[in-house]
Amino acid sequence: MPDRNIYKDELDFAVLALQSPPFNKYLKSNGQLDFSNPEAVQQLTKSLLERDFGLKLELPNDRLCPPVPNRFNYILWIQDLLDTTSDSYTDQYDPEREVIGLDIGTGSSCIYPLLGCSQRPKWKFVATDVDEKNIEYARSNVIRNNLKPRIRPLRTKPTDPLIPLDALGLESIDFTMCNPPFYTSTADLLSSAAAKSRPPHSACTGADVEMVTVGGEVAFVSRMIDESKLLGERCQWYTSMLGKYTSVETIVERLVAVGIHNWAVKDLIQGNKTRRWSVAWSWGSMRPSQSVARGTSTLPKHLLPFPSESTFTVNDTSVDSCARSMSETLHSLDVKFRYRPILGTGLGFADGNVWSRAARRKKQQVRHDSTNHVASDNESDDSEPVFGFKVQLNYSEKGSVVLVRWIQGRDSVLFESFCGMLKRELTRA
């Protein structure tokens, strides 16, 4: 999919200064910004939001000032998660899909809901925070941008659930997002700052309530995991940003321990200054694309979800010939499959390993029984498919390139088995 990150390259402060007179006041003669000046950092955020998204923002001086590129990167990843796990199976943005997100700890800026709603007209948010001042500013920023019908800031208590669907009167939501406090205590925060060999890149105006929580971000996200066990598929994707590399491994291991087999990880990198990670998990069976689920170059393979794509080449075969062979193979099995030649793409679903020898023998027996007027035990096809896939065929000089994408299911062994079967059938001499 195309790169929609408008902040992929380093910011050109000189250009922004020409476009934003308030920002120009803080630009030094060498074209750089003094990031140790909280007012300059705040103005950078305000100017970027106004120039790039048409958003106006007011921030208190004693609360966190969110960096726009990093926050926008997180929003883009959630868009991709939803787009590649939608009922349309297109892996593309559906402008008619109505989406509800929950921003846990929205802060005074309410930046995630503002960015999300500015990008997609059908998105709505509930934005929670335990800090009264943050909620006051969040409400003001929502009203300032005429988004009150779509964003609901709500103050919660530290003892309330992090994902209070019942209290909100919501049966289900599409995603959660969160940027939890990094530190376990004020002492932890101070010792971490003292241990840095260089001063922080940017001034930090955050209050303790925004930066410190008992157990740090691992405990916070672990609490989300525990709540997700009870809520299950009432939320399609539970997500959080993580500020420490070591937290990612702990969280992924926790997900696997509670039975999650559908998760995703992403590097959130802006330039060479700041690195964050995001993690998402789902109790549902819709699988995100591989580039979305394994969007990292910094994490070891054991922290990555199972690959959801497999590619092989059918030598000396045209795409049309390969498509015919594939359709014949799949239609001979109990696989619902439709191939669209104009797109070179096929979409299919199966109720299990219907390509195994045992399944084929059973199918032959069912046909025999049907001929002799014996009722079969086939169930209705209203239930969720056990396995869903997409196949993309492309031409190469060697032949046809077959890309199999796992789009639905809970069993990685079934996906591997299907790919193996399809490769054997199509590459037979």
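Throughout, read-outs are computed from the coordinates displayed, never taken from laboratory work. Bear in mind that the values here come from a model prediction, so they are computed numbers and not experimental data. No Cβ is skipped: glycine too gets one built from the backbone with ideal geometry, and neighbour counts run over all protein chains shown.
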In terms of Cα to Cα distance under 14 Å, which aspartates and glutamates are near enough to LYS133, apart from those fewer than 8 places away along the same chain?
GLU58, ASP62, ASP208, GLU210
Using volume of the Cα convex hull per residue in Å³ as the read-out, say which of (1) 161; (2) 182; (3) 201 was calculated from these coordinates.
(2)
Taking the Cα centroid of the range 288-331 and of the range 134-169, what is the distance between the two, rounded to the nearest whole Å?
41
Taking 8 Å as the Cα distance limit and 6 or more residues as the minimum spacing, I'd like the relative contact order of the chain as a percentage.
12
Alpha-carbon centroid distance for the pair the range 32-66 / the range 95-121, whole angstrom:
19
Whole-number D in µm² s⁻¹ for the range 125-169, Kirkwood Cα-pair radius fed into Stokes-Einstein, 4 °C, 1.567 mPa s
118
Amide H to amide H, which residues 5 or more places from ILE407 or on other chains are under 5 Å from it, using H placed in the peptide plane?
GLY388, PHE389, LYS390
Expected sort for ASP320, ASP83 with the fewest Cβ neighbours (10 Å cutoff) up front is ASP320, ASP83
Select from GLY420, VAL126, ASN73 the residue farthest towards the positive end of the dipole of the chain; place +1 on Cβ of Lys and Arg, -1 on Cβ of Asp and Glu, and compute about the Cα centre.
GLY420
For the range 13-303, the dipole about the Cα centre with charges only on Cβ (Lys and Arg +1, Asp and Glu -1), to the nearest 20 debye, works out at 680
